[in-house]
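Each reported figure results from applying straightforward, stated rules to the coordinates on display, with no laboratory input. This is a predicted model, so every value here is computed, not measured. Reconstructed Cβ throughout: ideal geometry from the backbone, glycine too, with neighbour counts over all protein chains shown.
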Amino acid sequence: MLTELIKSDRVKALLPAIKSFMAEEVFPHDLAWSKLPFGELLPTLEALRQKVKANGWWLPCFDPHYGGMGLSLMEHAFVSEAIGGSPFGYYLFNCQAPDIGNMELLHLAGTDAQKEKYLQPLAAGQFRSCFAMTEPEYAGSNPVRLGTTAQRDGDEYVINGHKWFTTGFDGSELTIVMAVTDPAAASYQRASMIIVPTATPGLQLIRNLSIMGHAGSGWPSHSEIRFDNVRVPAENLLGAEGAGFMLAQVRLGPGRIHHCMRWMGICERAFDLMCRYAATREIEDGVFLGEKQMVQQMIAESRAEIDAAKLMVLSTALLIEKAGQRAAAEKISAIKFFTAKVLGDVLDRAIQVHGGLGITDDTILALYYREERAARIYDGTDETHKASLARKILKKFSISNIQ
Ligand SMILES: Cc1cc2nc3c(=O)[nH]c(=O)nc-3n(C[C@H](O)[C@H](O)[C@H](O)COP(=O)(O)OP(=O)(O)OC[C@H]3O[C@@H](n4cnc5c(N)ncnc54)[C@H](O)[C@@H]3O)c2cc1C
């Protein structure tokens with residue numbers, strides 16, 4: 001297959017051992033793990049993280065100076081597929097959102113002191129972090145409209161505001177908050193990013209949001225939080241004042257492609273489960289589900305769509321590597337909504353083939369169906385990516401008044 005031809009020698013050497021690790025130590029257990037509170041699960045996950053570290057697989061896509069493997073985006077795509085099929089895969093390799101996005105931000109814009117205090121322990125997996133931008137009162141699709149403010153008071157910022165969908169806030173050490181520092185500035189220069197240790201007085205966890213019946217805890221949870229006169233030293237500003245939106249774009253670019261790569265792992269796991277069930281579920285005496293044409297259609301369509309999505313992801317990774325994120329902006333938008341749809345469709349078909357079993361929690365499918373409906377919403381909704389792509393295309397046709 002084409003993807004085999006474009007794997008680097010380094011990845012070819014790595015993948016068999018990573019796949020065995022996932023097959024033996026993670027996939028057989030992750031469904032049971034997903035039913036436990038995150039705190040109870042931590043010792044198990046920590047022991048596996050140590051194995052990942054000992055094997056030299058830690059932080060596959062990050063700077064070796066901080067303990068990462070320094071894989072290229074293309075190489076990381078293949079590792080992502082291998083580990084992304086478990087809800088815990090990215091966490092075990094310390095490349096999970098939102099921490100990896102925060103590490104990238106700190107790497108890019110952090111001062112030496114911020115790198116030492118926050119980036120090094122994050123990269124070492126000593127604590128977790130989160131990213132607080134979205135607010136219940138303002139449409140996240142138009143991120144320049146924010147209610148949270150950070151006012152300078154001497155050597156401090158005083159932060160007030162209300163955020164939600166702050167993934168992984170529960171149990172995290174720090175959040176990077178997006179807050180308006182200059183309401184009078186041009187819309188894209190109003191906000192800044194500020195590092196806030198979560199133990200700072202005035203920062204409260206209101207609740208972990210219940211997502212389709214599951215509130216979760218710890219890393220796999222999404223919190224509503226409030227900042228009431230939260231004071232942090234001015235040196236906690238990340239990057240320049242007013243650079244918040246520019247940094248958010250930098251953070252979201254790689255984040256989107258990482259998600260798409262991870263989804264390929266989920267697609268492959270769902271596809272494998274669908275095929276195994278179709279091949280073994282007896283529907284009449286001596287006749288198996290996979291012999292029915294409507295089931296064959298679901299399998300064939302899923303295979304074609306996964307392959308198409310995978311090649312789009314890989315070609316986007318290559319373009320980012322060769323020409324940079326800006327040159328790949330159209331492709332990043334296209335893969336974000338396209339692969340999210342493929343993911344949803346493949347999971348839906350896999351559930352359908354499993355019948356009643358598919359909607360129980362006896363397989364991983366229902367968890368993914370529930371959790372990954374959000375794929376069409378986080379890191380840019382389908383609609384914002386489609387609108388952005390269409391606008392860029394139409395500009396080439398000289399439609400000057402497209403907004
Ligand atoms: C699981 C999950 C995790 C998340 N994690 C984080 C996190 O860690 N940190 C964080 O800050 N945020 C996080 N988010 C929030 C996410 O970024 C926002 O939900 C997203 O930006 C959309 O904003 P909104 O929910 O306010 O929807 P809105 O902006 O209110 O939009 C509502 C709907 O309208 C559609 N829409 C908007 N504009 C248009 C238009 N012009 N034409 C047609 N349709 C339009 C949107 O696409 C959307 O479907 C997370 C969200 C989810 C679901």
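Excluding H162 itself, calculate the net charge of residues whose Cβ lies under 15 Å from the Cβ of H162, where each Lys or Arg counts +1 and each Asp or Glu counts -1. Don't skip to the answer; put the middle values down first.
Numbers: positive: R145, K163, R207, R226; negative: E135, E137, E224, D228.
Within the 15 Å Cβ shell, the charges total 0.
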| remark: Extension length gain for D345 and Q325 (0.36 nm per residue less Cα distance), in nm, is 4.4 nm
| So, with +1 on the Cβ of K and R and -1 on the Cβ of D and E, and no other charges, what is the size of the charge dipole of the range 1-70 about its Cα centre, to the nearest 20 debye? | 140 debye
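Take the cross-link list K35/K341; K19/K115; K341/K392; K53/K386; K7/K53; K322/K395 and give me the ones stretching past 29 Å between alpha-carbons. Each step should come with its number before you reach the end.
Working: K35/K341 26 Å; K19/K115 32 Å; K341/K392 21 Å; K53/K386 39 Å; K7/K53 23 Å; K322/K395 24 Å.
Going by Cα-Cα distance, K19/K115; K53/K386 fall outside the 29 Å limit.
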| query | If we sort 360-367, 101-108 on the protection proxy, mean other Cβ atoms within 10 Å, highest first, what's the order? | reply | 101-108, 360-367
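Between E46 and L394, what is 0.36 nm times their sequence separation minus the Cα-Cα distance? Round to one decimal in nm. Working shown, then result.
Working: separation 348, 0.36 × 348 = 125.28 nm, distance 4.96 nm.
So the chain would gain 120.3 nm between E46 and L394.
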| message | Taking only the Cα atoms of the range 20-59, how large is their convex hull per residue, in Å³? | response | 68 Å³
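Neighbouring Cβ atoms within 10 Å as the yardstick, rank F227, F337 fewest first. Could the numbers behind the result be given before it?
On the way: F227 23, F337 20.
Ordered by Cβ neighbours within 10 Å, fewest first: F337, F227.
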| task | Can you grab the distance from the C-alpha centre of the range 106-135 to the C-alpha centre of the range 254-293, Å, no decimals? | result | 37 Å
| Förster-model FRET efficiency, 45 Å R0, I359 and E235, C-beta, rounded to 0.05 | 0.30
| note | Between E24 and Q352, Cβ-based FRET efficiency (R0 25 Å, step 0.05) works out to 0.25
| Of W58, W263, how do they rank once you tally other Cβ atoms within 10 Å and put the fewest first? | W58, W263
| request: Report, please, the projected area of the range 246-395 averaged over directions, based on the convex hull of its C-alpha atoms, in nm². | output: 9.9 nm²
| Segment K12-S315, length gained on full extension (0.36 nm per residue, minus Cα span) | 107.2 nm
| Furthest towards positive pole of dipole, T316, T363, S80, structure part the chain, Cβ charges | T316
| task | Enumerate the residues in the range 75-94 having an amide nitrogen under 12 Å from the point lying 7 Å beyond the Cα of H214 toward its Cβ. | result | 87-88
| request: Using the Cα centre as the reference, give the magnitude of the dipole from point charges on the C-beta atoms of the chain (Lys, Arg: +1; Asp, Glu: -1; all else neutral), rounded to the nearest 20 debye. | output: 980 debye
| Can you list, bin by bin at 10 Å, the percent of alpha carbon pairs in the range 129-238, starting at 0? | 16, 49, 29, 6, 0
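As a footprinting exposure proxy, order S398, S80, S217, S172 by other Cβ within 10 Å, with the fewest listed first.
Numbers: S398 7, S80 29, S217 16, S172 23.
Arranged by neighbour count, lowest to highest, S398, S80, S217, S172 become S398, S217, S172, S80.
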| field | Convex hull per residue volume in Å³, alpha carbons only, for the chain | value | 154 Å³
| message | For the range 1-37 and the range 172-230, what is the centre-to-centre distance using only Cα atoms, to the nearest Å? | response | 33 Å
| task | For every other residue with a beta carbon closer than 13 angstrom to the beta carbon of P201, add +1 if it is Lys or Arg and -1 if Asp or Glu, then tell me the sum. | result | 0
